[in-house]
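*Asks:* Mind having a look at this structure? Questions to follow.
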Amino acid sequence: MNIFADIEKRIVAALDALKIEGQLPDDLVLDGIEATPPRDPTHGDVASNAAMVLAKAARMKPRDIADALATKLAAEPDIAKVDVAGPGFLNLTFVPAFWQQAILAFREKGTEYGRTDLGLGERINVEYCSANPTGPMHVGHCRGTVFGDALSNLLAFAGYDVTREYYINDAGGQIDVLAKSAYLRYREALGEDIGEIPEGLYPGDYLKPLGASLAQQHGKALLTLPEAERLTIVRDAAIPAMMALIRTDLADLGIKHDVFFSERSLKHGNVDEVAATIGSLRAKGLVYQGNLPPPKGEPDADWEDREQTLFKSTQFGDDTDRALLKSDGSYTYFAPDIAYHKTKWDRGFARMITVVGADHAGYKKRLEAAVRAISDGKGEVDVQFCQMVRLFKNGEPFKMSKRAGTFITVRDVIDEVGRDPIRFMMLYRKANSPLDFDFAKVTEQSKENPVFYVQMAHARAKSVFRNVAEIFPDLTATSAAVTGADLTRLSDAGELDIVKKLAYFPVLVAAAARAHEPHRIAFYLYELASSFHGHWARGNETPQLRYIQADDKDLTAARLALVGAHAQVLATGLAILGVGAPEELR
């Protein structure tokens, strides 16, 4: 049950009545009407923009519509007050019984409370992480990886059929560097003193086990092979070895993918998909030979001052047309990207999300143009940018062991603080805003540590059920006394505040899913936890507000119903973020 959606239906019904009475135009379309919590809780329980969005089409002043609508809504028995604010915003205040009965919705849905059918089963592909398979994941990958996974959880909870995809960049210059670096470690494993790792190769110790494995498998045979042949053998061993490291890190972060798609398969499968894609674009008249001006601002690595094979990217909203082939005839970085997204379209994904780092700033328009071109305007891609993460400890820049040789690994961070703090804090800012990650802050037990604060609210709720067993052993979360409790006993303002926040959860889920913003869930959970902790503190000062009342079993049962609903929504929200909901914190 979505209480705010039901309120929107009431408002529409009241507007329909005004149309019948001749106070509004009979042909007025009632679109865009919303019911949401007001920004200032002192203004009421629910705010609506109905009069504001209808005024232009109705050719009326918003205030006149709002006044008529307020009169109509005020007649409903569970609405205590309707105020018209400013030019025509409506603020509704409901009687306590309305919110008391709202707990029935939480009880009815249980673990499914908040789930919506917004997506209507539509298929959507979310590509995230896609770290180059040249070593373990570094901390720069972490934020986009967690963001993509939480966004996938959110979209699935909102009714979409989500496929989680990892694009393995196993072609190109970085793979050649990997093979040369691994070959050096192979020589080392055979007993050769390789000295300092040459500039341009990967120096991390993580390649030593691979070198040892190659030595054990091939002995000295690789030393006598031509370079191209031996590097092919090393490369074919190195990529799966590096992907095994990455998969281990992903698993320990609670990250899962449904598809691992190889870039090499685009060029070296039965069909050269890149060439085929360029051919299909050419057949549509979207590829031509021409010259490009130098890029403005940041240099484009694919730009050359010569006649080139170009994609008419500007025809689909890009700032400039894009090169597809380099002077040596090899593909530009962008050409395989077009082919890759065409495979998504061919696999039935009209909607795609691609999560990239902030260093891909110029990526958005060209990729949107490519998807429009390959799908004849029927497909769409949302490119989500994740800004950098800066590491601190007690407010000071923090340098870790850099076991990888040149960068800080995700494994370093997992070992330092654990999965839950990483995931929650990576989502506790909007993805395109810079994030400071303080190792000391995310492990301290205080309100200043959001993940602890939210998890403590869940643990406290569970502790209420453990403690009540000492006084009323038959009062459990599923007992008839609790599930059938007299909810009119919940009359304190602090209790009703928690109920109101719980009621907003389905609206919040739908809004976050539409906006592709899982950070909204993290913010909401913190606010919900704050209400619970605040009421808990009031109970410490005023014993009659405590959840367990030894001399009033019925009141205790009603409060347990509220505590159970609160714990369930916290657990559901944390699950969307991929964070645990502990029953105890030590």
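The values are calculated or read from the model by the stated rules, or taken from the named source; none is laboratory data. These figures come from a predicted structure and were not determined experimentally. Here the Cβ positions follow ideal geometry from the backbone for every residue, glycine too, while neighbour counts run over all protein chains shown.
*Asks:* Only one of A156, A150, A238 is under 30 Å from G114 (Cβ atoms), touching a residue at least 60 places away in the same chain (Cβ under 8 Å) and not assigned by TED's automatic domain parsing to the domain that holds E273; which?
*Replies:* Unique residue meeting the criteria: A150.
*Asks:* Okay, next question. Just to be sure before I move on: is R282 assigned by TED's automatic domain parsing to the domain that holds A339, surrounded by 14 or more Cβ atoms within 10 Å (Cβ to Cβ) and over 25 Å from Y166 (Cβ atoms) in the structure I sent?
*Replies:* When the stated conditions are applied, R282 passes them.
*Asks:* Would you please name the residue that is surrounded by the fewest Cβ atoms within 10 Å (Cβ to Cβ), looking only at residues in the stretch 229-258 that are within 24 Å of E416 (Cα to Cα) and acidic (D, E)?
*Replies:* This residue is D252.
*Asks:* Does P25 count as modelled with pLDDT of 95 or more, outside any strand (DSSP E or B) and touching a helix residue (DSSP H, G or I) at 6+ places or on another chain (Cβ under 6 Å)?
*Replies:* yes
*Asks:* Do you know which of the residues in the stretch 535-586 that are touching a residue at least 12 places away in the same chain (Cβ under 8 Å) and charged (D, E, K, R) is nearest to A503 (Cα to Cα)?
*Replies:* R559
*Asks:* Go through the stretch 204-225 residue by residue and tally those that are under 43 Å from the mean Cα position of the chain (by Cα), crowded, with 16+ Cβ neighbours inside 10 Å and not hydrophobic (A, V, I, L, M, F, W, C).
*Replies:* So the answer is 4.
*Asks:* Just need a number here: residues in the stretch 316-342 that are over 19 Å from A171 (Cα atoms) and of a type outside the set (D, E).
*Replies:* Qualifying residue count for the region: 4.
*Asks:* Quick one: in the stretch 42-57, of everything that is surrounded by fewer than 21 Cβ atoms within 10 Å (Cβ to Cβ) and touching a helix residue (DSSP H, G or I) at 6+ places or on another chain (Cβ under 8 Å), which residue is nearest to D497 (Cα to Cα)?
*Replies:* Per the criteria, the residue is M52.
Residue by residue, here is whether (1) acidic (D, E); (2) touching a helix residue (DSSP H, G or I) at 6+ places or on another chain (Cβ under 8 Å); (3) under 15 Å from R143 (Cα atoms); (4) crowded, with 21+ Cβ neighbours inside 10 Å holds:
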site: K393; (1), (2), (3), (4): no, no, no, no
site: R423; (1), (2), (3), (4): no, yes, yes, yes
site: K447; (1), (2), (3), (4): no, yes, no, no
site: A457; (1), (2), (3), (4): no, yes, no, yes
site: R466; (1), (2), (3), (4): no, no, no, no
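*Asks:* When you go through (1) surrounded by fewer than 20 Cβ atoms within 10 Å (Cβ to Cβ); (2) out of contact with any Lys or Arg (no Cβ under 7 Å at 6 or more places or on another chain); (3) of a type outside the set (F, W, Y) one by one for I65, which number turns out not to apply?
*Replies:* Here I65 meets the rest and fails (1).
*Asks:* Residues in the stretch 339-357: is at least one loosely packed, with under 14 Cβ neighbours inside 10 Å, on the phi > 0 side of the Ramachandran plot, of a type outside the set (S, T, N, Q) and at pLDDT 95 or above?
*Replies:* yes
*Asks:* For the stretch 338-354, indicate whether the set of residues that are assigned to a loop (DSSP other than H, G, I, E, B), under 28 Å from the mean Cα position of the chain (by Cα) and of a type in the set (K, R) is non-empty.
*Replies:* yes
*Asks:* So, one more: Is it the case that Y113 is within 30 Å of G379 (Cα to Cα) and of a type in the set (F, W, Y)?
*Replies:* Criteria not met by Y113.
*Asks:* Checking V287 against (1) in contact with an Asp or Glu (Cβ under 6 Å, 6 or more places away or on another chain); (2) under 22 Å from K344 (Cα atoms); (3) buried (at least 18 other Cβ atoms within 10 Å of the Cβ), which single condition isn't satisfied?
*Replies:* (1)
*Asks:* It is to be established whether one or more residues within the stretch 359-367 are touching a His at 6+ places or on another chain (Cβ under 9 Å) and either buried (at least 16 other Cβ atoms within 10 Å of the Cβ) or modelled with pLDDT of 95 or more (or both).
*Replies:* Yes: the stretch 359-367 contains one or more residues that are touching a His at 6+ places or on another chain (Cβ under 9 Å) and either buried (at least 16 other Cβ atoms within 10 Å of the Cβ) or modelled with pLDDT of 95 or more (or both).
*Asks:* Anything in the stretch 91-135 that is among the polar types (S, T, N, Q) and in a helix (DSSP H, G or I)? List them, or say none.
*Replies:* Matches in the stretch 91-135: Q100, Q101, T111.
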